[in-house]
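Please read the structure below before turning to the comments.
The values are calculated or read from the model by the stated rules, or taken from the named source; none is laboratory data. Remember, it's a predicted structure, so these values are computed and weren't measured experimentally. We place every Cβ from the backbone using ideal geometry, glycine too, and count neighbours over all the protein chains shown.
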């Protein structure tokens, strides 16, 4: 049996098994088998037979007296399961998610969470050997995402890339990483104590055609739970570093696209008013609305709630968790003449803006979370 991944794109051949004892044989041997699965009309005709089978499509071919059974992996279905797993755990850990969705439902903005377009999701990482963006992006590139534009945040010592989804309607992905080598030596040593044991890229060991494996990896630790002392020391230098050393690859935020909401709520300005009316605290770093220089990308976010974290040795302390972001992508000038009903994602401002993101990062910083107390 050949178990190699022999293709790319939306579908890949996962395995071909013409010589397996069960699968190889004459047409007569397979008549009953094909009849059982409902493909009598295809017997001896030489045509492909397809049926959904979990994340696969099972293909049965008849050629030269032998039936060949193949399975094509549907990467879109795998990606869908990975995104569901991320959102399920994120929603469990971030109370504001359910609270915002509920007030949107009760106020009639949506009928269900499925009505919301997820503009993007974001991950934080540590830029050390075998980890960081170069490792994490392999998962999403395999599942069909395309690397787009890089960003740099010198003051926060961060790099980032954004990734376009394989299909419209799926969220963009924003991956950032800490430039560990730019930290003071003492901070580098703290991080290295946890990450130096990782001597190869853990993503290389994953079956990237298995959604459950990916989900487990994104919600597991590649290093030991830090001590409170190490977390506190890192936070004094880089609050991003402290967040990442404890939270690992847990989803940092998801983003509600407001431009598709009903009139009166379909701008960041109007949606912020709605949120504050219901008691949600917004990040005011720079201003509550972060606006790109071209005026076409507007963003805001909640302030992360404090969540109880258990550190090495059992000490429990409340630290910043994740948050919710909101984005308004305005129509590009070239498409301003289009009627509202004709506007699609490709007609709106794409990508991200470093100036906006720089302030959004601070949704987990104590300069913002202290405002909750």
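Brief remarks on what is shown
- Conditions (1) surrounded by fewer than 17 Cβ atoms within 10 Å (Cβ to Cβ); (2) within 26 Å of residue 153 (Cα to Cα); (3) touching a strand residue (DSSP E or B) at 6+ places or on another chain (Cβ under 8 Å); number of the one not met by residue 329: (1)
- Selection of region 267-282 for residues being farther than 21 Å from residue 347 by Cβ, touching a residue at least 40 places away in the same chain (Cβ under 8 Å) and not in a loop (DSSP other than H, G, I, E, B) yields 272, 274, 275.
- Listed by position, the helices (runs of 4 or more DSSP H) inside region 171-255 whose residues that are over 20 Å from residue 323 (Cβ atoms) number at least 3 are 185-195, 211-218, 228-237.
- Any hit, region 86-104, residues being at positive phi and assigned by TED's automatic domain parsing to the domain that holds residue 299: no
For every residue, the table says whether it meets (1) at pLDDT 95 or above; (2) under 24 Å from residue 114 (Cβ atoms); (3) within 25 Å of the chain's Cα centre (by Cα).
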site	(1), (2), (3)
232	yes, no, no
236	yes, no, no
245	yes, no, yes
264	yes, yes, no
275	yes, yes, yes
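- When 288, 316 are checked against the criterion of being farther than 23 Å from residue 249 by Cβ and modelled with pLDDT of 95 or more, 288 stands alone in meeting it.
- Residue match in region 185-196 (condition: surrounded by fewer than 20 Cβ atoms within 10 Å (Cβ to Cβ) and either farther than 14 Å from residue 126 by Cα or not assigned by TED's automatic domain parsing to the domain that holds residue 311 (or both)): yes
- The condition (being over 19 Å from residue 223 (Cβ atoms), assigned to a strand (DSSP E or B) and either in contact (Cβ under 8 Å) with a residue 40 or more places away in the chain or assigned by TED's automatic domain parsing to the domain that holds residue 223 (or both)) is satisfied by just one residue among 155, 122: 122.
To keep it simple, each residue is scored yes or no on (1) surrounded by fewer than 16 Cβ atoms within 10 Å (Cβ to Cβ); (2) assigned to a helix (DSSP H, G or I); (3) modelled with pLDDT of 95 or more.
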{"residue": "284", "(1), (2), (3)": "yes, no, yes"}
{"residue": "293", "(1), (2), (3)": "yes, no, yes"}
{"residue": "298", "(1), (2), (3)": "no, no, yes"}
{"residue": "301", "(1), (2), (3)": "no, no, yes"}
{"residue": "341", "(1), (2), (3)": "yes, yes, no"}
{"residue": "357", "(1), (2), (3)": "no, yes, yes"}
{"residue": "361", "(1), (2), (3)": "no, yes, yes"}
{"residue": "368", "(1), (2), (3)": "no, yes, yes"}
